[in-house]
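Step one of this worksheet: look at the structure below.
The values are calculated or read from the model by the stated rules, or taken from the named source; none is laboratory data. Only a predicted model underlies this, so the values are computations on that prediction, with no experimental measurement involved. Note that we place each Cβ from the backbone using ideal geometry, even for glycine, and neighbour counts take in every protein chain shown.
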Amino acid sequence: MAEISDMITFLGTAGARFVVTRQFLASGGAWLNLGSTQILLDPGPGCLVQTAKRKLDPSKLEAIILSHRHLDHSGDINIMIEAMTEGGTKKRGIVFAPADAMNQDPVILSYLRPYLRTIEILKAGGSYVINDVSLRTPIKHKHPVETYGLIFQTPRHTFSWITDTRYFDDLANYYEGDLLIINVVRLDPGAPIDHLSLPEAKRIIEKIKPKIAILTHFGMTMWRAKTWELAERLTEETGISVIAARDGMRFDLARLK
Ligand SMILES: [Zn+2]
(Lines give C-alpha, C1' and ligand atoms only; values in the text may rest on other atoms or scores of the structure.)
Protein backbone atom coordinates (compact mmCIF):
# COMPACT_ATOMS: atom_id res chain seq x y z
CA MET A 1 0.00 0.00 0.00
CA ALA A 2 1.14 3.52 -0.73
CA GLU A 3 2.23 5.93 1.98
CA ILE A 4 -0.62 7.72 3.78
CA SER A 5 -1.32 10.94 1.97
CA ASP A 6 -3.86 13.65 1.39
CA MET A 7 -4.93 14.15 -2.20
CA ILE A 8 -7.46 16.39 -3.91
CA THR A 9 -8.86 15.48 -7.34
CA PHE A 10 -10.68 18.25 -9.19
CA LEU A 11 -13.72 16.73 -10.91
CA GLY A 12 -14.44 20.11 -12.40
CA THR A 13 -13.27 23.70 -12.40
CA ALA A 14 -16.33 25.44 -13.86
CA GLY A 15 -18.19 28.10 -11.94
CA ALA A 16 -21.32 30.09 -12.61
CA ARG A 17 -23.80 29.64 -15.37
CA PHE A 18 -22.33 29.65 -18.85
CA VAL A 19 -19.14 27.72 -18.27
CA VAL A 20 -21.27 25.10 -16.52
CA THR A 21 -24.26 24.93 -18.86
CA ARG A 22 -22.03 24.70 -21.93
CA GLN A 23 -19.51 22.47 -20.13
CA PHE A 24 -16.55 24.50 -21.37
CA LEU A 25 -15.13 23.12 -18.15
CA ALA A 26 -16.41 20.19 -16.10
CA SER A 27 -18.46 20.85 -12.96
CA GLY A 28 -18.20 17.68 -10.85
CA GLY A 29 -16.79 19.22 -7.64
CA ALA A 30 -13.81 17.71 -5.83
CA TRP A 31 -12.87 14.31 -4.48
CA LEU A 32 -10.77 14.36 -1.32
CA ASN A 33 -8.66 11.34 -0.38
CA LEU A 34 -7.60 12.26 3.15
CA GLY A 35 -5.66 9.27 4.43
CA SER A 36 -8.19 6.46 4.23
CA THR A 37 -11.17 8.83 4.31
CA GLN A 38 -12.82 9.74 1.01
CA ILE A 39 -15.03 12.80 0.85
CA LEU A 40 -16.91 14.37 -2.05
CA LEU A 41 -17.37 18.11 -2.12
CA ASP A 42 -20.00 19.97 -4.15
CA PRO A 43 -21.12 17.34 -6.69
CA GLY A 44 -22.23 19.61 -9.52
CA PRO A 45 -23.61 18.49 -12.89
CA GLY A 46 -21.56 15.65 -14.37
CA CYS A 47 -20.04 14.49 -11.08
CA LEU A 48 -21.15 10.90 -11.59
CA VAL A 49 -19.66 10.80 -15.08
CA GLN A 50 -16.41 12.37 -13.86
CA THR A 51 -16.04 9.87 -11.01
CA ALA A 52 -16.61 6.93 -13.35
CA LYS A 53 -14.16 8.36 -15.87
CA ARG A 54 -11.49 8.74 -13.19
CA LYS A 55 -12.20 5.32 -11.66
CA LEU A 56 -13.23 6.72 -8.29
CA ASP A 57 -15.59 4.50 -6.34
CA PRO A 58 -18.54 6.34 -4.74
CA SER A 59 -19.38 3.30 -2.59
CA LYS A 60 -16.13 4.07 -0.71
CA LEU A 61 -17.20 7.61 0.20
CA GLU A 62 -17.60 8.48 3.87
CA ALA A 63 -19.32 11.77 3.26
CA ILE A 64 -20.68 14.23 0.76
CA ILE A 65 -20.38 17.91 1.65
CA LEU A 66 -22.52 20.56 0.04
CA SER A 67 -21.25 24.12 0.52
CA HIS A 68 -24.57 25.49 -0.75
CA ARG A 69 -27.59 24.57 -2.77
CA HIS A 70 -26.84 26.30 -6.08
CA LEU A 71 -27.16 23.92 -9.01
CA ASP A 72 -23.52 24.13 -10.12
CA HIS A 73 -22.62 22.65 -6.71
CA SER A 74 -25.56 20.32 -6.08
CA GLY A 75 -26.71 19.09 -9.51
CA ASP A 76 -25.56 15.48 -9.00
CA ILE A 77 -25.96 15.21 -5.25
CA ASN A 78 -28.92 12.83 -5.41
CA ILE A 79 -27.32 10.36 -7.79
CA MET A 80 -24.12 10.52 -5.73
CA ILE A 81 -26.09 9.66 -2.57
CA GLU A 82 -27.57 6.75 -4.48
CA ALA A 83 -24.06 5.68 -5.56
CA MET A 84 -22.56 6.09 -2.07
CA THR A 85 -25.31 3.92 -0.55
CA GLU A 86 -25.27 1.40 -3.40
CA GLY A 87 -28.81 2.25 -4.40
CA GLY A 88 -29.95 2.39 -0.80
CA THR A 89 -28.98 -1.22 -0.13
CA LYS A 90 -26.41 -0.02 2.42
CA LYS A 91 -27.31 2.53 5.06
CA ARG A 92 -24.10 4.51 5.10
CA GLY A 93 -22.41 7.84 4.64
CA ILE A 94 -22.99 11.31 5.95
CA VAL A 95 -24.31 14.29 4.05
CA PHE A 96 -23.30 17.74 5.30
CA ALA A 97 -25.45 20.57 3.96
CA PRO A 98 -26.84 23.95 4.98
CA ALA A 99 -30.39 23.91 6.34
CA ASP A 100 -31.88 25.57 3.26
CA ALA A 101 -30.62 22.72 1.06
CA MET A 102 -32.74 20.35 3.13
CA ASN A 103 -35.83 22.31 4.03
CA GLN A 104 -36.68 24.98 1.55
CA ASP A 105 -37.12 23.94 -2.09
CA PRO A 106 -34.81 21.07 -1.11
CA VAL A 107 -32.08 19.86 -3.43
CA ILE A 108 -31.79 16.54 -1.57
CA LEU A 109 -34.71 14.26 -2.33
CA SER A 110 -36.68 13.01 0.68
CA TYR A 111 -36.80 9.38 -0.41
CA LEU A 112 -33.00 9.17 -0.44
CA ARG A 113 -32.49 10.58 3.06
CA PRO A 114 -33.15 7.33 4.98
CA TYR A 115 -30.33 5.69 2.96
CA LEU A 116 -27.83 7.87 4.84
CA ARG A 117 -26.31 7.11 8.20
CA THR A 118 -26.68 10.78 9.19
CA ILE A 119 -27.42 14.18 7.83
CA GLU A 120 -25.50 17.00 9.47
CA ILE A 121 -26.69 20.56 9.08
CA LEU A 122 -23.87 23.02 8.51
CA LYS A 123 -23.86 26.13 10.66
CA ALA A 124 -21.62 29.16 11.15
CA GLY A 125 -18.93 28.26 13.65
CA GLY A 126 -19.72 24.57 13.20
CA SER A 127 -17.20 21.84 13.71
CA TYR A 128 -17.64 18.25 12.57
CA VAL A 129 -15.72 15.01 12.48
CA ILE A 130 -15.35 12.45 9.69
CA ASN A 131 -13.08 9.62 10.96
CA ASP A 132 -9.76 11.33 11.72
CA VAL A 133 -10.60 14.39 9.63
CA SER A 134 -12.06 17.45 11.27
CA LEU A 135 -14.11 19.94 9.37
CA ARG A 136 -15.04 23.49 10.30
CA THR A 137 -17.41 25.99 8.73
CA PRO A 138 -16.22 29.23 10.34
CA ILE A 139 -18.62 31.75 8.86
CA LYS A 140 -21.71 32.13 6.72
CA HIS A 141 -20.68 33.55 3.37
CA LYS A 142 -22.33 36.47 1.62
CA HIS A 143 -24.12 34.66 -1.19
CA PRO A 144 -27.82 34.55 -2.20
CA VAL A 145 -28.32 31.17 -0.47
CA GLU A 146 -26.90 29.79 2.77
CA THR A 147 -23.24 29.07 1.96
CA TYR A 148 -20.23 27.93 3.95
CA GLY A 149 -16.52 27.69 3.28
CA LEU A 150 -14.55 24.87 4.83
CA ILE A 151 -11.43 24.25 6.87
CA PHE A 152 -10.20 20.66 6.79
CA GLN A 153 -7.73 19.28 9.26
CA THR A 154 -6.17 15.87 8.75
CA PRO A 155 -3.44 14.33 10.94
CA ARG A 156 -1.03 15.63 8.29
CA HIS A 157 -2.34 18.90 6.89
CA THR A 158 -4.69 21.84 7.34
CA PHE A 159 -6.30 23.40 4.31
CA SER A 160 -9.14 25.78 3.59
CA TRP A 161 -11.60 26.04 0.75
CA ILE A 162 -13.22 29.45 0.29
CA THR A 163 -16.36 28.62 -1.66
CA ASP A 164 -18.73 31.08 -3.33
CA THR A 165 -19.06 34.42 -1.61
CA ARG A 166 -19.10 38.11 -2.16
CA TYR A 167 -15.89 39.72 -0.87
CA PHE A 168 -16.00 41.17 2.62
CA ASP A 169 -13.31 42.71 4.74
CA ASP A 170 -12.58 40.10 7.36
CA LEU A 171 -13.26 37.09 5.13
CA ALA A 172 -9.57 36.11 5.11
CA ASN A 173 -9.40 36.18 8.92
CA TYR A 174 -11.68 33.16 9.16
CA TYR A 175 -9.53 30.83 7.08
CA GLU A 176 -6.09 29.28 7.58
CA GLY A 177 -3.84 26.52 6.39
CA ASP A 178 -0.82 25.66 4.28
CA LEU A 179 -3.11 25.22 1.29
CA LEU A 180 -5.87 27.61 0.28
CA ILE A 181 -8.36 26.83 -2.46
CA ILE A 182 -10.51 29.71 -3.68
CA ASN A 183 -13.52 29.83 -5.97
CA VAL A 184 -12.77 32.73 -8.31
CA VAL A 185 -15.60 33.25 -10.75
CA ARG A 186 -14.77 36.70 -12.07
CA LEU A 187 -11.75 38.36 -13.59
CA ASP A 188 -12.77 41.84 -12.45
CA PRO A 189 -14.89 42.95 -9.52
CA GLY A 190 -18.40 44.14 -10.41
CA ALA A 191 -21.89 42.87 -11.03
CA PRO A 192 -22.95 40.20 -10.31
CA ILE A 193 -21.07 40.80 -7.09
CA ASP A 194 -21.99 37.61 -5.27
CA HIS A 195 -18.71 35.98 -6.29
CA LEU A 196 -15.04 36.64 -5.73
CA SER A 197 -12.95 38.25 -8.44
CA LEU A 198 -9.24 37.82 -9.14
CA PRO A 199 -8.04 41.01 -7.36
CA GLU A 200 -10.10 40.01 -4.31
CA ALA A 201 -8.61 36.53 -4.36
CA LYS A 202 -5.17 38.14 -4.49
CA ARG A 203 -5.96 40.21 -1.39
CA ILE A 204 -7.11 37.07 0.44
CA ILE A 205 -4.00 35.11 -0.57
CA GLU A 206 -1.74 37.95 0.61
CA LYS A 207 -3.52 38.03 3.96
CA ILE A 208 -3.63 34.28 4.65
CA LYS A 209 -0.17 33.58 3.16
CA PRO A 210 -0.64 29.86 2.47
CA LYS A 211 2.27 27.89 1.06
CA ILE A 212 0.23 27.21 -2.07
CA ALA A 213 -3.05 28.69 -3.33
CA ILE A 214 -5.24 26.99 -5.93
CA LEU A 215 -7.79 28.94 -7.95
CA THR A 216 -10.87 27.13 -9.28
CA HIS A 217 -14.60 27.52 -10.12
CA PHE A 218 -13.99 29.74 -13.11
CA GLY A 219 -16.60 31.87 -14.83
CA MET A 220 -16.42 32.96 -18.43
CA THR A 221 -14.19 36.01 -17.88
CA MET A 222 -11.58 33.96 -15.98
CA TRP A 223 -11.72 31.13 -18.51
CA ARG A 224 -11.21 33.46 -21.45
CA ALA A 225 -8.26 35.17 -19.76
CA LYS A 226 -6.29 31.88 -19.57
CA THR A 227 -6.39 30.87 -15.91
CA TRP A 228 -2.86 29.40 -15.91
CA GLU A 229 -1.39 32.72 -17.05
CA LEU A 230 -3.38 34.57 -14.39
CA ALA A 231 -2.05 32.16 -11.77
CA GLU A 232 1.52 32.73 -12.96
CA ARG A 233 1.08 36.47 -12.70
CA LEU A 234 -0.37 36.15 -9.20
CA THR A 235 2.60 34.02 -8.18
CA GLU A 236 4.97 36.77 -9.30
CA GLU A 237 2.95 39.52 -7.65
CA THR A 238 2.38 37.79 -4.29
CA GLY A 239 5.49 35.64 -3.95
CA ILE A 240 3.15 32.77 -3.07
CA SER A 241 2.84 29.79 -5.36
CA VAL A 242 -0.56 30.10 -7.09
CA ILE A 243 -1.94 27.32 -9.29
CA ALA A 244 -4.98 27.38 -11.57
CA ALA A 245 -6.84 24.10 -11.15
CA ARG A 246 -7.52 22.04 -14.25
CA ASP A 247 -10.23 19.46 -14.81
CA GLY A 248 -8.93 16.15 -13.51
CA MET A 249 -5.96 17.72 -11.72
CA ARG A 250 -4.75 15.71 -8.73
CA PHE A 251 -3.04 17.74 -6.05
CA ASP A 252 -0.98 15.83 -3.50
CA LEU A 253 -0.70 17.84 -0.28
CA ALA A 254 2.75 16.34 0.29
CA ARG A 255 3.83 19.12 -2.11
CA LEU A 256 3.34 21.58 0.74
CA LYS A 257 6.46 20.29 2.48
ZN1 LIG B 1 -23.18 29.79 -5.76
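Of the numbered conditions (1) in contact with a Pro (Cβ under 8 Å, 6 or more places away or on another chain); (2) surrounded by fewer than 14 Cβ atoms within 10 Å (Cβ to Cβ), Ala83 satisfies every one except a single condition; which is it?
In the conditions (1) in contact with a Pro (Cβ under 8 Å, 6 or more places away or on another chain); (2) surrounded by fewer than 14 Cβ atoms within 10 Å (Cβ to Cβ), Ala83 misses (2) alone.
Taking the residues in region 192-203 that are more than 19 Å from the chain's Cα centre (by Cα) and away from the ligand (no atom under 16 Å from the Cβ) as candidates, determine which candidate is surrounded by the most Cβ atoms within 10 Å (Cβ to Cβ). Outline the logic, then answer.
Our first condition is that a residue be more than 19 Å from the chain's Cα centre (by Cα); within region 192-203, this holds for 192-193, 199, 203.
Pick out the ones that are also away from the ligand (no atom under 16 Å from the Cβ) and you get 199, 203.
On the way: Pro199: 15, Arg203: 17.
Among them, the one singled out is Arg203.
Pull up region 62-79, narrow it to residues that are surrounded by fewer than 24 Cβ atoms within 10 Å (Cβ to Cβ), away from the ligand (no atom under 16 Å from the Cβ) and of a type outside the set (Val, Ile, Thr), then point me to the one that is farthest from Asp105 (Cα to Cα).
Glu62
If a residue must be within 15 Å of Ser74 (Cα to Cα) and touching a Ser or Thr at 6+ places or on another chain (Cβ under 9 Å), how many such residues does region 95-115 contain?
Total satisfying the criteria: 8.
Could you check region 1-33 and list, in sequence order, the residues that are assigned to a strand (DSSP E or B), over 16 Å from Ile77 (Cβ atoms) and either within 16 Å of the ligand (Cβ to nearest atom) or over 14 Å from the mean Cα position of the chain (by Cα) (or both)?
Those that are assigned to a strand (DSSP E or B), over 16 Å from Ile77 (Cβ atoms) and either within 16 Å of the ligand (Cβ to nearest atom) or over 14 Å from the mean Cα position of the chain (by Cα) (or both): Asp6, Ala14.
I'm told Gly15 meets every condition in (1) small (Gly, Ala, Ser); (2) at pLDDT 95 or above; (3) under 22 Å from Leu196 (Cα atoms); (4) in contact with a Phe, Trp or Tyr (Cβ under 9 Å, 6 or more places away or on another chain) except one. Can you identify the failing condition by its number?
It fails just one condition, (2).
Only one of Glu176, Glu206 is surrounded by 17 or more Cβ atoms within 10 Å (Cβ to Cβ) and touching a helix residue (DSSP H, G or I) at 6+ places or on another chain (Cβ under 7 Å); which? Explain how you work it out, then say what you get.
Values: Glu206 fails: surrounded by 17 or more Cβ atoms within 10 Å (Cβ to Cβ).
Exactly one of Glu176, Glu206 is surrounded by 17 or more Cβ atoms within 10 Å (Cβ to Cβ) and touching a helix residue (DSSP H, G or I) at 6+ places or on another chain (Cβ under 7 Å), namely Glu176.
Restrict the check to region 59-67 and report whether at least one residue is under 30 Å from Trp223 (Cα atoms) and either without any contact (Cβ under 8 Å) to a residue 40 or more places away in the chain or in contact with a Lys or Arg (Cβ under 8 Å, 6 or more places away or on another chain) (or both).
yes
Hey, can you tell me all the residues within region 92-141 that are of a type in the set (A, V, I, L, M, F, W, C), surrounded by 15 or more Cβ atoms within 10 Å (Cβ to Cβ) and touching a Leu at 6+ places or on another chain (Cβ under 9 Å)?
Ile94, Val95, Phe96, Ala97, Ala101, Val107, Ile108, Leu122, Ile130, Val133, Leu135, Ile139
Quick one: in region 157-188, which of the residues that are touching a His at 6+ places or on another chain (Cβ under 8 Å), more than 16 Å from the ligand (Cβ to nearest atom) and not in a strand (DSSP E or B) is nearest to Arg250 (Cα to Cα)?
Filtering region 157-188 for residues that are touching a His at 6+ places or on another chain (Cβ under 8 Å), more than 16 Å from the ligand (Cβ to nearest atom) and not in a strand (DSSP E or B), the one nearest to Arg250 (Cα to Cα) comes out as Asp178.
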